[in-house]
Each structure stands twice: as C-alpha cells, then as structure tokens.
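Note sheet for the following structure.
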Amino acid sequence: MEKLQPKLFSLMKKYSKQQFVKDITAGVIVAIIALPLSIALALASGATPEQGLYTAIVAGFVISFLGGSRVQIAGPTAAFASIVAGIIAANGFSGLVVATIMAGIMLILMGVFKLGSLIKFIPFTITTGFTSGIAVTIVIGQIKDFLGLTFKNSPVETVEKVEEIVSSIDTFNYQALIIGAVSLAVLILAPKVLKKIPASLIAILVSALLVKFLNLDVLTIGDLYEVSSEFPTPSVPDFSLETVKAVFPDAVTIALLAAVESLLSCVVADGMVGSRHNSNMELIAQGAGNICSALFGGIPATGAIARTAANIKNGGRTPVAGMVHAVVLLAVLLVLMPLASYIPMPTIAAILFIVAYNMSEWREFVSIIKHSPKSDTLVLLVTFILTIAFDLVVAICVGLVLATVLFMKRMSDETNTYGWKEFDELTDKENISLKKVPEGVSVFEITGPIFFGVANKFQDAVGSSDKSKKVLVLRMRSVPAIDATGIHALENILDNFEKKGKTIIISHANEQPLKVLKKSGLYKKIGKENFCPNIDAALLRAEKVMENN
C-alpha cells in the first residue's frame, strides 16, 4: 500500500539542474496555453475572466505541490463548465464557493480512506458517454456568442438554450460570425504551421486586432465584464445550513467529476512518461486545491489532460513544472490582465468549440457503437443523452445502475449448472480417461459465479435432479465467487437433502467460495470430509458414502 506522500517530495531527492531548466521551459509553455483556456472556461462557466486565472494559479500550484502525479497540470476544465454555470445561476457565486469547499473536503476524505482505486469500477462506456455529452453542452452554450445572438432570456439548461437559440436567430450578427469563423480557421490551421506557439493565443491576437482596427460591431470581454488585475485576498463564505443543504448535490457532482477527470488524466500521463501515480494522494491534492481555489474566488479545478500532455511533450517531468505554470500565470494576471478586455467573445466561443471537439472522444463513441455488445451501446447512449438533457449526476448514477444490471444479466447467462451423464467426455475435456459415476450418485458441474442473479437458477437446476440419487457431487472448479444469496440457495439445497437423508459433496472449491462457506458455517454443516480437492477424490468419497448406506 502506497503511503500518502506528495510526489514532489520523493522526486526532489534526485532533482537536477538540467531537469529544473526543462521544468521551467515546460511550465512557461503550459502557462501560455492555459492563459486563454482559463479565461474562456471561466466565461463558459458563468464566472469572470480573472476567476479562471485565480483557479489556474491557486489550484494549479497547490495540486502540483501536493499531488500524487509527477506531471499533472490542474486548472479549470471544460467538464465543469455547464455544471458551474448551473450552480451560479441557482445559488449565486457564494453558493458555488460553498459547494466547491464541500467537494474539496469530500475529495480529501476519499483520498484518506484510500478510495482512489475505485475509478477502475466506472465503465469506459460511462466516461465516454458523459464526456461526449459535456462536449455537446459546451458547443450549444457557445452558439450564442459565435453567431452574435441577443437572448431575451438567460437559460441554464441545455434544452432551454437550444429553444432560445431558435427563437433569437433573427438577432444574428454577421460580423460576429466572421470573427468567429476567422478564429476557428486560425485554431485549426495554425498548429500545422506554427507548432511552438499556442493556436489560441494567435487567434486572440488576430481577432482582437481585426475588431479594434476595423471597428467591428462585435462584443468583447471588456464590453461585458470589468476586468481586474488584482490578486484576491482569501475569504470564507457563509456556511449557513440552508446553503449547505441547497448545494450538497452540487458538491457531490463536483467531487465525483474532479476525482474521475483527475485520475483519468493521471492514467493517461502515466502511459506517456512510464510512471505510476499515487491516486489517493492525488485525490487529497485535488481536494486541497479546490478548497484553496474557492477561498481565493476561483472555480472548481481538476487535472487537465491537454495541458498535462503539453507539459510532458515540452520536457516537464516533476511537479515543479506545474508550480512554474501557476507562477507565470500570476505574473500575467498582475501585469497584462487588462489586455484581456479586448478579446472578442466569438473568439472565446471558437476556442471552446475546439476544446469541446478535443474532449468529445467521438472516435471512441463511434467505435463502441460499431464494435461493442448492444448492452454497452445502450449504457453509452443513455449516459450521453442524460448528460445533455439533465445533469452529470443523473447520467452517471443511471449509467452505473444500468451497466451493473446488464453486467449481472450477462453473468447470469454465463453461469450454468448441468448434470453429468454416466460417461461424459464433452463436459469434462480436461480429463484424459472417462470417469464412471457410481450408482446412486449424481454430479453437477457449475460454471460461473453463484450470485443473486443466478441463485434461483442454480437452486432449481440442482433441485430438479434425479430423486432416486442419494449423493450429490457439486463440481465447483469453475466457480470464482459466491455471494450471500448463493450461500442461502446452497443452504436451502442442503437442508432439503438432509431431510431426505441425502449427502452433498463439494469438489474443487476455489479460494473465495471456500472462505465464504467456512465463514457462513456451511463448511462445518456439510462436513470437512465432504470437501474434495478434485473430481476423482469426490467420486471416491461418493462411492464410500453409498457403501455405508
């Protein structure tokens, strides 16, 4: 079991000057990438531009300093955009601060109680479904600014936004569309030509100059927000009981998404650098980072896969790179933040279109539909649709329940109980010689786990065996596990057999079933002598029982 120690502390023992130079270079480059993204994602979340930077600075530094990954870069991400916007609309920014602090506490507790490994129990179909769903909600949320529409209302839900877009289409601004289209073209084409300069930065510079010098009628950040270059002092929100009750579901959503996104990012990063993250320490760091971000007026943060990948590609190999990225952003905030007021809103929309496309995982989405079982496709589509129509918590909860039920159905179909014929070669291919079953003995082979989904099937199959047989041999070599319902079914069979003077013999019980049988008392009830290591021993035992009868 890994101890809860930040990755930074262990890496500092062998830290070199050469790596320090690489980390600084990577940190500066990542900061340049994170600058427009942090502003854009804050605006998409219903927050102010500088609040996106507060998040990247505070959460980015704390999570790198305390994190369980050597290369993770944290900050505001697209996954939170629609969720945060909904919380702010319903409970104000103070409600978001309370929800984020509560989520941070939850994340710390998850790490302390070693729940980091639970990420592996969330199916790939669910993560793909909700990630693609979030991408769609981001695109829909940015159509207004991309087309320069004027909304009569301020919808929060995605379906309502679609209705508002349709009803407001007559307010379309062609100049906004031109700036949005130019920005989108730069974002797509620039990386193919200028690989070292972030495309989003080029798009911002080009579009801002066009709007300024051509005097275009296009809204900019400065038209909508009063941009501040001051770094905030920490403040503690009012934790009233009413507020806590109101935002508790939102806190759960933030904690769940932060855990999933950050640990998925860590897994991707591990594959790129050949390292291994400490998931529980990462959860603690995410919790601390979100608490600090909220106290300094920021929004929720998590591991950012794109920024983490950029860090790795530019030589970052320790948390120092993430800390440098935060310090550089702080310098930008204090010195250059007023220039953000010139950024056109259609450019922000274009940047978020690219973010949504990159996070959509559409290739995986299509691949699952084409090549996976129908049950997996159903889980994917249900999670995807519910993420768009309702919210992430509903989507994940329903997706998990559906995936679990379908998995149990699949397992129950795979679990079979069937009887041997007297000379049975087909069902026992591991044996070279044919085995003769003694007169008065029936043998049942069980394949698959004996759990609540198949307990009745198992009980009915054994219960319908030949009534004239006095000994029942249950061959359990292919039973990996048994649960409480399976134990109850076996106990019913045993009680029924004992009343009729029949004997049960267990052949080849695996480790987990044997342990459960002993703990339940069935091992003692069946009798130690009636547990045999293999079918040969079981048939010999059955023959002896028949002789004694």
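Checking the structure you have, find out if any residue of region 246-258 is free of Cβ contacts under 8 Å to residues at least 40 places away in the same chain and of a type outside the set (Gly, Ala, Ser).
no
Against the conditions (1) farther than 28 Å from residue 410 by Cα; (2) at pLDDT 85 or above; (3) not aliphatic (A, V, I, L, M), where does residue 436 fall short? Just the number, please.
(2)
Can you list residue pairs whose Cβ atoms sit under 6 Å apart, with the first residue in region 509-522 being surrounded by 18 or more Cβ atoms within 10 Å (Cβ to Cβ) and the second being not in a helix (DSSP H, G or I)? Count only pairs 6 or more apart in sequence or on different chains.
509/476; 513/479; 513/482; 516/482
Of the numbered conditions (1) at pLDDT below 95; (2) of a type outside the set (S, T, N, Q); (3) assigned to a loop (DSSP other than H, G, I, E, B), residue 299 satisfies every one except a single condition; which is it?
Result: residue 299 fails condition (1) only.
Does residue 90 count as surrounded by fewer than 24 Cβ atoms within 10 Å (Cβ to Cβ) and farther than 20 Å from residue 279 by Cα?
Taking the combined requirement at face value, the residue satisfies it.
Just checking, does region 213-235 include any residue being in a helix (DSSP H, G or I) and touching a Gly at 6+ places or on another chain (Cβ under 8 Å)?
no
Determine the pairs where a residue that is without any contact (Cβ under 8 Å) to a residue 24 or more places away in the chain, located within region 457-481, has a partner that is part of a strand (DSSP E or B) with Cβ atoms under 6 Å apart, the partner being 6 or more residues away or on another chain.
From region 457-481, no pairs qualify.
Report whether or not residue 306 is under 24 Å from residue 98 (Cβ atoms), within 19 Å of the chain's Cα centre (by Cα) and of a type in the set (A, V, I, L, M, F, W, C).
So residue 306 does not fit the description; no.
Let me confirm something: among 28, 62, 84, 71, which residue is in the same structural domain as residue 136 (by TED's automatic domain parsing) and over 23 Å from the mean Cα position of the chain (by Cα)? It would help to see each step written out before you state the result.
Working: 62 fails: over 23 Å from the mean Cα position of the chain (by Cα); 84 fails: over 23 Å from the mean Cα position of the chain (by Cα); 71 fails: over 23 Å from the mean Cα position of the chain (by Cα).
It is 28.
Keeping to region 129-157, report how many residues are basic (Lys, Arg) and surrounded by fewer than 18 Cβ atoms within 10 Å (Cβ to Cβ).
Going through region 129-157 one residue at a time, the tally reaches 1.
Hey, can you tell me all the residues within region 313-327 that are surrounded by 22 or more Cβ atoms within 10 Å (Cβ to Cβ) and not in a loop (DSSP other than H, G, I, E, B)?
If the condition is that a residue be surrounded by 22 or more Cβ atoms within 10 Å (Cβ to Cβ) and not in a loop (DSSP other than H, G, I, E, B), then 320, 321, 322, 324, 325, 326 are the ones that fit.
Could you please find all residues in region 158-171 being crowded, with 17+ Cβ neighbours inside 10 Å and in contact (Cβ under 8 Å) with a residue 60 or more places away in the chain?
158
Does region 488-510 contain at least one residue that is among the small types (Gly, Ala, Ser), in the same structural domain as residue 453 (by TED's automatic domain parsing), under 15 Å from residue 470 (Cβ atoms) and assigned to a helix (DSSP H, G or I)?
No, because not a single residue in region 488-510 is among the small types (Gly, Ala, Ser), in the same structural domain as residue 453 (by TED's automatic domain parsing), under 15 Å from residue 470 (Cβ atoms) and assigned to a helix (DSSP H, G or I).
From 363, 410, grab the single residue that is touching a residue at least 24 places away in the same chain (Cβ under 8 Å) and either loosely packed, with under 15 Cβ neighbours inside 10 Å or not in a helix (DSSP H, G or I) (or both).
The match here is 410.
For residue 25, state whether it is under 26 Å from residue 269 (Cα atoms), in contact (Cβ under 8 Å) with a residue 24 or more places away in the chain and hydroxyl-bearing (Ser, Thr, Tyr).
Criteria met by residue 25.
The values are calculated or read from the model by the stated rules, or taken from the named source; none is laboratory data. Predicted model only: the values in this text are computed from it and were never measured. Cβ coordinates were reconstructed from backbone atoms using ideal geometry, including for glycine residues, and neighbour counts include every protein chain displayed.
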